């Protein structure tokens, strides 16, 4: 065979194989991009039921959170049309809604009962009063602590502790000889990892990212107080190498009984009381702390929500799926098959009015934490932005990742807190100037 | 005359070689071992090396949740065709540079290599827009072309290096005997460069198999290869390391087996011309 014919054959073969569409017998197929977490995977398991009821087939594209974010952002900004439903969060929804990149969810059926969505979630997933994404599950952050260690230390965790009490409790529970750290917190770089945690910690010390003229505020004493408190607390009672610990690392430590306290996402409650936890029977919950005299607490607000990109050819089918997956009946379906502790939390008011769900140990504290979070008024002093652990502007993700890298370097002892704050101030002001905010 | 090696020295060399080999292989071994643990054992501290309850549960869950065969088939097609297409284009290019070089050959080679220095994300949007325009998103044909193009500089460079080791006089002799260019390439050059071509093919197949940026960003359902299969088990909120390890083991197993059976050819190719 000549070189030319070989080339032609190979090209033809690649085109033939490329055209392989996976045919099925359904009336329509929708493609959903989503994250890999317990609730989403559980939903995938029930998809056959949706298909049986509606005749609509579902194709899943499951990706790691950061990959998903990059993938769906590329697709929606170029109108790529690869997905009919995208799983996005509270950060993306108002920005994309403002750009008309999402289909407004303002015509959902009466049975869906959109008013049942928790107000905090509905506000966070709306732009200009219009809902653009339906929450599949929502979360805030709270204190998870070892009741047995607290008891042994002779302390009692208040429902709404202060940072000063948290430090006292960490000191009392810290037991290096038995590999127990007084407290475990996120320190890992990344705007959604350690960046989220230190931002809400800042809020609870009266700090803010920007003043009303979009000037960075890292040179203010509140930020120095917050960061110094965090670094001292973790250096004294935190685990080794906490600068690289994120959600999973702390979950692993807590489940192995190596943390007296852990302040993190409320969704972790079902993990620390689940089968893989060695301390499942001795976990208590409390609201995220605040500094004495500061009204704002260190609790964030987040939802993984389903949104429809504008331009999809399957808008009606996509809406049908969203109504099914985020509706009341889905919650009942999961509860019937897997128990109330495993239903997607934090999205609907009616869930928290269900007597069976009220029996779940972390249910009330999750609701209280969500209700304590106000994305439109996140800080003590006024700010020009919406968002608690983030600032809902497109520039935030890149800028906050850089800032959190500087903070992580301070946690690791590679620079001082003052140096990290000075760099954060410079990075933030530079980005805001380049973007034309100031 | 060959230098004599004392048994003690030989033992030392062997031990060092094994230690380095095991050190390099350890992450893969750890991944394989973790895939047989429960999620709780996977995160145990101190880590459990062998004394755990071996289970196939993670593989069962992964097989149940994902259509492994479809991902595998896509990987084979994309990696295989991009490598073959790359070689078809690179062999004549490398031949011309090795045997009929011009004043600018070195510059062209360096320019080709310089395309590898651009971070892939820098051209994501242009490529994505071109793919939308051509209807190539989530298609194997699109990925075959992209992977072929990004690996082409490496293929040309490798083949150029191998071809340079072949004496030009042999090709001249073939021409004097009346061989055409096609015959010279197929019957003279290719057989002599088989070890080099084989190792180039293998190395590029591995590179294309492992490529994760473009394969994740340009696919959704139909053309997603094993890199997307692994990515679907990675989670920042939840401990699924054992399942992720099972998915990783299933993704690397075919290429590991291929590498194992062709290691002789690979080593021969990579050391081709090293000792004259």
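The values are calculated or read from the model by the stated rules, or taken from the named source; none is laboratory data. As the structure is a computational prediction, the values presented were derived from the model and not from experiment. With ideal geometry, Cβ positions are generated from the backbone for all residues, glycine too; neighbour counts draw on all protein chains shown.
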ask   = Any chance the stretch A:120-128 includes a residue that's more than 14 Å from chain B (Cβ to nearest Cβ), part of a strand (DSSP E or B) and touching a strand residue (DSSP E or B) at 6+ places or on another chain (Cβ under 6 Å)?
value = no
ask   = Does residue A:346 meet the test of being buried (at least 18 other Cβ atoms within 10 Å of the Cβ) and on the phi > 0 side of the Ramachandran plot?
value = yes
query = Regarding residue A:360, is this residue surrounded by fewer than 22 Cβ atoms within 10 Å (Cβ to Cβ), closer than 30 Å to residue A:280 by Cβ and over 17 Å from the mean Cα position of the chain (by Cα)?
reply = yes
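Yes or no, residue by residue, for (1) farther than 27 Å from residue B:219 by Cβ; (2) in contact with a helix residue (DSSP H, G or I) (Cβ under 8 Å, 6 or more places away or on another chain):
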{"site": "B:60", "(1), (2)": "no, no"}
{"site": "B:84", "(1), (2)": "no, yes"}
{"site": "B:109", "(1), (2)": "yes, yes"}
{"site": "B:117", "(1), (2)": "no, no"}
query = Assuming residue A:187 fulfils every condition listed in (1) over 20 Å from residue A:386 (Cβ atoms); (2) surrounded by fewer than 23 Cβ atoms within 10 Å (Cβ to Cβ) apart from one, which condition is it?
reply = (2)
query = Tell me, which helices (runs of 4 or more DSSP H) wholly within the stretch B:138-219 include 3 or more residues that are more than 17 Å from the chain's Cα centre (by Cα), buried (at least 19 other Cβ atoms within 10 Å of the Cβ) and touching a residue at least 60 places away in the same chain (Cβ under 8 Å)?
reply = B:140-164
ask   = Do we find that residue A:262 is under 24 Å from the mean Cα position of the chain (by Cα) and within 11 Å of another protein chain (Cβ to nearest Cβ) in this structure?
value = no
Condition met for residue A:335 (at pLDDT 95 or above and farther than 18 Å from residue A:136 by Cβ) = no
key: Qualifying residues in the stretch A:275-297 (those that are assigned to a loop (DSSP other than H, G, I, E, B) and under 17 Å from residue A:365 (Cα atoms)) - the one farthest from the other protein chains (Cβ to nearest Cβ)   = A:296
key: the stretch A:200-248, residues that are more than 16 Å from residue A:408 (Cα to Cα) and in a helix (DSSP H, G or I)   = A:203, A:204, A:221, A:222, A:225, A:236, A:237, A:248
key: Matching helices (runs of 4 or more DSSP H) fully within the stretch A:26-98 where at least 3 residues are closer than 20 Å to residue B:229 by Cα   = A:38-45, A:65-77
inquiry  = Just to verify a result, which residue in the stretch B:53-75, among those that are facing chain A (nearest Cβ under 10 Å) and part of a helix (DSSP H, G or I), is surrounded by the most Cβ atoms within 10 Å (Cβ to Cβ)?
reply    = B:74
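Conditions tested, residue by residue: (1) modelled with pLDDT under 95; (2) surrounded by 22 or more Cβ atoms within 10 Å (Cβ to Cβ); (3) in contact with a helix residue (DSSP H, G or I) (Cβ under 8 Å, 6 or more places away or on another chain).
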position: A:81; (1), (2), (3): yes, no, yes
position: A:86; (1), (2), (3): no, yes, yes
position: A:102; (1), (2), (3): no, yes, yes
position: A:116; (1), (2), (3): no, no, yes
position: A:122; (1), (2), (3): yes, no, yes
position: A:127; (1), (2), (3): yes, no, yes
position: A:130; (1), (2), (3): no, no, yes
inquiry  = Looking for something over 17 Å from residue A:372 (Cβ atoms) and at pLDDT below 95 - is there at least one such residue anywhere in the stretch A:157-171?
reply    = no
note = Selection over the stretch B:88-125 where residues are free of Cβ contacts under 8 Å to residues at least 40 places away in the same chain and within 10 Å of chain A (Cβ to nearest Cβ) yields a count of 2
message = Being out of contact with any helix residue (DSSP H, G or I) (no Cβ under 8 Å at 6 or more places or on another chain) and crowded, with 24+ Cβ neighbours inside 10 Å is the filter here; which residues of the stretch A:201-230 pass it?
response = A:203
inquiry  = Return the pair list, or none, for Cβ contacts closer than 6 Å from residues in the stretch A:53-64 that are more than 10 Å from chain B (Cβ to nearest Cβ) to residues that are assigned to a strand (DSSP E or B) and crowded, with 20+ Cβ neighbours inside 10 Å, at least 6 apart or on different chains.
reply    = A:58/A:30
remark   = Filter the stretch A:386-411 for residues that are closer than 22 Å to residue A:265 by Cβ and not in a helix (DSSP H, G or I); the one that is modelled with the lowest pLDDT is A:386
inquiry  = Take residue A:307 and tell me if it is touching a strand residue (DSSP E or B) at 6+ places or on another chain (Cβ under 8 Å), surrounded by 21 or more Cβ atoms within 10 Å (Cβ to Cβ) and in the same structural domain as residue A:35 (by TED's automatic domain parsing).
reply    = yes
message = Can you find a residue that is within 21 Å of residue B:161 (Cα to Cα), away from every other protein chain (no Cβ under 11 Å) and in a helix (DSSP H, G or I) anywhere in the stretch B:239-256?
response = no
